[in-house]
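Data block below; observations after.
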Amino acid sequence: MYLAKEVKADIFKKYSGDEKNTGSAEGQIALFTHRINHLTGHLKKNRKDFNTERSLVRLVGKRRSLLDYLKKKDIERYRAIVKELGLRK
């Protein structure tokens with residue numbers, strides 16, 4: 001698998017505050033962003049991989065849902081994670 005346990009723990013530690021806090025919205029958004037970037041690179045090389053393309057679209061939708069939830073619950077946390085991950089230009 002492309003994502004080692006240590007890398008995943010580092011992502012959650014950096015964005016959630018604790019590596020065991022895997023349920024936080026910020027940690028999940030950061031993990032989805034990491035996976036989206038990985039799949040985007042794969043699709044640039046393999047343009048006809050439609051299963052990966054479908055998975056990418058589903059991941060983007062999941063991330064969008066989490067971002068909408070976070071925006072509704074706490075706008076400051078939303079702005080912080082968007083700025084930190086560089087999601088909006």
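Read the figures in this text as sums done on the coordinates, not as results from a lab. Everything quoted here is computed from the prediction, not taken from an experiment. Virtual Cβ from ideal backbone geometry, glycine too; neighbours counted across all protein chains shown.
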Problem - Neighbour-limited loop hits for trypsin sites (Lys or Arg not before Pro), the stretch 1-59 (at most 15 other Cβ within 10 Å; DSSP other than H, G, I, E, B) - result: Lys20, Arg47, Lys48
Completion exercise
Which of Thr22, Thr33, Thr52 fluctuates most in a GNM of the chain (C-alpha springs under 10 Å)? That residue is Thr52
Completion exercise
For the stretch 1-72, the Cα-Cα pair-distance distribution in 10 Å bins from 0, as whole percents, is 20, 45, 29, 6
Fill in the blank from the handout: Largest fluctuation, Leu31, Leu39, Leu67 only, Gaussian network model of the chain with Cα springs under 10 angstrom, belongs to Leu39
Practice task
Averaging sequence separations of C-alpha pairs under 8 Å and six or more residues apart, then dividing by the length of the chain, give the relative contact order as a whole percent.
Solution key: 20 percent
Practice task
Starting from the Cα of Lys83, draw a straight line to each of the aspartates and glutamates and keep only those under 14 Å, dropping any in the same chain fewer than 8 residues away.
Solution key: Glu26
Completion exercise
Pairs over 24 Å Cα to Cα, from Lys20/Lys44; Lys5/Lys73; Lys8/Lys62; Lys44/Lys73; Lys5/Lys48, come to Lys20/Lys44; Lys5/Lys73; Lys44/Lys73; Lys5/Lys48
